[in-house]
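First comes the structure, then the notes that go with it.
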Amino acid sequence: MKPIEQDKLLYPEILAPRPKDANKKSVGSVMIVAGSEGMSGAATLCCEAAMRAGAGYVLLVFPKSLNDIYTKLIPEVLTLPCDETKDKTLALSSFERIIEEAKKYDVILIGPGLSQHEETRHLICKLFKRLKDLQKNVVLDADGLNAFSGHVELLIEWGDNKTVLLPHAGEMARLCDLDVDNVERDREWLVRKKAKKWKSILVIKGYETVISDGERVIINKSGGPALATAGTGDTLAGMTAAYWAANINLPFESVATAVFLHGLAGDIASKKLGERSVLATDVIDDLPVATKKALEE
């Protein structure tokens, strides 16, 4: 199947007007498992992006010593402080508590800022397996993906086409045991092959981000150098989870919409600020403008 170039909003149904009787429970709920000491900002950006993308409920799960940071920074977001390791990353003992809460949410996003602490990596893999057993919708990003480096067969074993993977080229290289040049050389072929093998929707982020469900491939045309700054991947992860939660039966279309609007918001911010001065928070701030523009074109 020939790749589709995405230079406009391909799936406007993802942004369809809400029913007049919509409420915060009906428009999608997201659990975000993220953050550790020194990387608290990743979780903050995920949550802010998910809320700005329209999630009705967002719950942030994080190591308990970060409680003061998150309750002050994100007043709209529910918080669940959990057991932590001595290095202030999520501990394995938090597993059951996280799973019980996850049952209440439409989409669970795991990864940003969690660290590569050995115990936390073990927790991530254990969470993923149980969530797949429960047939939950899961987004893996950043350290959520790094936890499977060297154990990528677990993605195959547990995959069920209800998983979204959001690696950049470096993370993809680690998952595939390739170097980055090999990933970049033929991303269209690789994204389709691995999405099919891993039974997932796979996004390889970067210039002209590519997306596949194992059959269809989209090459995204929005975005550019302005997005080459820390935190923009966390922003995309939060948006992806929110759009999917609101359109639970349209995961591929939701992911493609998130990628396009993320790039478009970056383009809008770049025009105002210059490509060197855009921050991830600027992308979140310009998401409403990007959304309106995409719907009008």
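Below, the figures for the structure above:
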{"item": "Qualifying residue in the stretch 277-291 (condition: surrounded by fewer than 24 Cβ atoms within 10 Å (Cβ to Cβ), in contact with a Pro (Cβ under 8 Å, 6 or more places away or on another chain) and more than 25 Å from V58 (Cβ to Cβ))", "result": "no"}
{"item": "Exclusive hit being of a type outside the set (D, E) and more than 18 Å from S254 (Cα to Cα), set G170, G233", "result": "G170"}
{"item": "Residue check for S65: farther than 28 Å from V289 by Cα, surrounded by fewer than 18 Cβ atoms within 10 Å (Cβ to Cβ), modelled with pLDDT of 95 or more and not acidic (D, E)", "result": "yes"}
{"item": "Odd one out for V255 among (1) within 19 Å of M51 (Cα to Cα); (2) surrounded by fewer than 24 Cβ atoms within 10 Å (Cβ to Cβ)", "result": "(2)"}
{"item": "Elements of type strands (runs of 3 or more DSSP E) contained in the stretch 1-93, each with 2 or more residues being more than 17 Å from the chain's Cα centre (by Cα)", "result": "4-6, 78-82"}
{"item": "Subset of the stretch 1-24 [loosely packed, with under 12 Cβ neighbours inside 10 Å and either farther than 22 Å from F252 by Cα or touching a Gly at 6+ places or on another chain (Cβ under 6 Å) (or both)]", "result": "P19, K20, D21, N23, K24"}
{"item": "Top-ranked residue of the stretch 150-187 - restricted to ones that are of a type in the set (G, A, S) and closer than 20 Å to L227 by Cα, ranked as surrounded by the fewest Cβ atoms within 10 Å (Cβ to Cβ)", "result": "G170"}
{"item": "Breaking point among (1) assigned to a helix (DSSP H, G or I); (2) at pLDDT 95 or above; (3) among the hydrophobic types (A, V, I, L, M, F, W, C), for V164", "result": "(1)"}
{"item": "Residue list for the stretch 188-205, restricted to those being surrounded by fewer than 20 Cβ atoms within 10 Å (Cβ to Cβ) and in contact (Cβ under 8 Å) with a residue 12 or more places away in the chain", "result": "E188, K196, K197, K199"}
{"item": "Among residues of the stretch 98-112, those that are outside any loop (DSSP other than H, G, I, E, B) and surrounded by 14 or more Cβ atoms within 10 Å (Cβ to Cβ), counted", "result": "8"}
{"item": "Count - residues of the stretch 249-273 that are touching a residue at least 24 places away in the same chain (Cβ under 8 Å) and in a loop (DSSP other than H, G, I, E, B)", "result": "1"}
{"item": "Among residues of the stretch 239-297, those that are among the small types (G, A, S), within 17 Å of L10 (Cβ to Cβ) and out of contact with any helix residue (DSSP H, G or I) (no Cβ under 8 Å at 6 or more places or on another chain), counted", "result": "1"}
{"item": "Q135 vs. criteria part of a loop (DSSP other than H, G, I, E, B) and within 22 Å of F252 (Cα to Cα)", "result": "yes"}
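The values are calculated or read from the model by the stated rules, or taken from the named source; none is laboratory data. Not measured: the values here are computed from a predicted model. Neighbour counts run over all protein chains shown; Cβ positions are idealised from the backbone, glycine included.
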